[in-house]
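K.L.:
Pasting a structure below so you can have a look.
The values are calculated or read from the model by the stated rules, or taken from the named source; none is laboratory data. Because the structure is a prediction, the values reported are computed rather than measured. Positions of Cβ are generated from backbone atoms using ideal geometry, with glycine treated the same way; all protein chains shown enter the neighbour counts.
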Amino acid sequence: MSGLQGIAIRRLESIDDAQVAGLADLLIDAVASGASVSFLDPLAPAKAVAFWRRIADEVAAGKRALLVAEDDAGIVGTVQLALDLPENQPHRADLAKMLVHRRARRRGLGAALMATAEQMARDCGRTLLVLDTFTGSDADRLYARLGWTRVGEIPGYALSAPGEYGATTVFYKELDQSSE
């Protein structure tokens, strides 16, 4: 599904124990490298596994769509769409937990995951995506570069992975229903 050399991106309809372990390792790597994605460093493996088991339940129930990027060594990236939103928002999804392992960064994988997530959203009948990210992060710059519209910043929104308060930037993107 991806043109990145040696990396394939695919949607998971269910998540097995090996995939939970790979996703937990990816999350631990992201937090250890400073990503502000709901957890503080150091992230205990049991906490990462518990998080992905909850996500697996939502994926199985159709409440969440999940993409993974894999190379020969395992899972190197992921992104998800929260689809279980109020009934007056059937056109929208929340994009969350876009993670790229340190061993796969700076090769275009983040952009490829985002493009694939946007197509997955179209496939799910969604025309509006929203997300938030730690202000000034690599992800903040990536989303702006990919044409997402910056709404604004909320100061002191969350703790960074090392435990310091920081702002979050809110973005949205309107999607047409054609493939890009």
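K.L.:
Kindly indicate whether any position in region 6-23 is out of contact with any Pro (no Cβ under 9 Å at 6 or more places or on another chain) and under 23 Å from F134 (Cβ atoms).
P.N.:
Within region 6-23, one or more residues are out of contact with any Pro (no Cβ under 9 Å at 6 or more places or on another chain) and under 23 Å from F134 (Cβ atoms).
Rundown of residues vs (1) of a type outside the set (K, R); (2) exposed (fewer than 15 other Cβ atoms within 10 Å of the Cβ); (3) in a strand (DSSP E or B), yes/no style:
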site	(1), (2), (3)
M120	yes, no, no
D132	yes, no, yes
R141	no, yes, no
G147	yes, yes, no
T169	yes, no, yes
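K.L.:
For region 154-179, what are the residues that are under 25 Å from D84 (Cα atoms) and of a type in the set (D, E)? Can you show your working first?
P.N.:
Kept after step one, since they are under 25 Å from D84 (Cα atoms), are these residues of region 154-179: 154, 157-158, 168-179.
Correct list: E174, D176.
K.L.:
A further question on this structure: Take region 147-164 and flag every residue that is acidic (D, E) and without any contact (Cβ under 8 Å) to a residue 12 or more places away in the chain.
P.N.:
Applying the first criterion (acidic (D, E)) to region 147-164 yields 153, 164.
Correct list: E164 only.
Residue-wise test of (1) more than 22 Å from F39 (Cα to Cα); (2) surrounded by fewer than 23 Cβ atoms within 10 Å (Cβ to Cβ); (3) of a type in the set (S, T, N, Q); (4) touching a helix residue (DSSP H, G or I) at 6+ places or on another chain (Cβ under 7 Å).
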site	(1), (2), (3), (4)
L67	no, no, no, yes
V79	no, no, no, yes
L85	yes, yes, no, no
P90	yes, yes, no, no
R105	no, yes, no, no
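K.L.:
Moving on. What about L175, is it farther than 25 Å from L26 by Cβ, surrounded by 14 or more Cβ atoms within 10 Å (Cβ to Cβ) and either within 15 Å of the chain's Cα centre (by Cα) or not polar (S, T, N, Q) (or both)?
P.N.:
Working: farther than 25 Å from L26 by Cβ: yes; surrounded by 14 or more Cβ atoms within 10 Å (Cβ to Cβ): yes; either within 15 Å of the chain's Cα centre (by Cα) or not polar (S, T, N, Q) (or both): yes.
Yes; evaluated as a whole, the condition is true for this residue.
K.L.:
Residues of region 91-109 being on the phi > 0 side of the Ramachandran plot and among the charged types (D, E, K, R), which ones? Give the derivation first.
P.N.:
We begin by selecting, within region 91-109, every residue on the phi > 0 side of the Ramachandran plot; these are 97, 106, 108.
The answer is K97, R106.
K.L.:
Keeping to region 37-57, report how many residues are over 14 Å from the mean Cα position of the chain (by Cα), assigned to a loop (DSSP other than H, G, I, E, B) and among the aliphatic types (A, V, I, L, M).
P.N.:
3
K.L.:
State whether the residues of region 58-76 include one that is of a type in the set (D, E), modelled with pLDDT of 95 or more and not in a strand (DSSP E or B). Before the answer, list the steps.
P.N.:
The initial filter retains those residues of region 58-76 that are of a type in the set (D, E), namely 58, 70-72.
Going one step further and asking which of them are modelled with pLDDT of 95 or more, we end up with 58, 70-72.
Pick out the ones that are also not in a strand (DSSP E or B) and you get 58, 72.
Within region 58-76, one or more residues are of a type in the set (D, E), modelled with pLDDT of 95 or more and not in a strand (DSSP E or B).
K.L.:
Moving on to the next point. Taking the conditions exactly as written (within 15 Å of the chain's Cα centre (by Cα) and at negative phi), does D29 satisfy them or not?
P.N.:
Working: within 15 Å of the chain's Cα centre (by Cα): yes; at negative phi: yes.
It is true that D29 is within 15 Å of the chain's Cα centre (by Cα) and at negative phi.
K.L.:
If a residue has to be in a loop (DSSP other than H, G, I, E, B), touching a residue at least 24 places away in the same chain (Cβ under 8 Å) and out of contact with any Asp or Glu (no Cβ under 7 Å at 6 or more places or on another chain) to count, how many in region 6-36 make the cut? Walk me through it before giving the result.
P.N.:
We begin by selecting, within region 6-36, every residue in a loop (DSSP other than H, G, I, E, B); these are 6-7, 13-16, 33-36.
Within this subset, residues satisfying the condition of being touching a residue at least 24 places away in the same chain (Cβ under 8 Å) are 6-7, 13-15, 33-36.
Adding the requirement that they be out of contact with any Asp or Glu (no Cβ under 7 Å at 6 or more places or on another chain) leaves 13-15, 33-36.
Of the residues in that region, 7 qualify.
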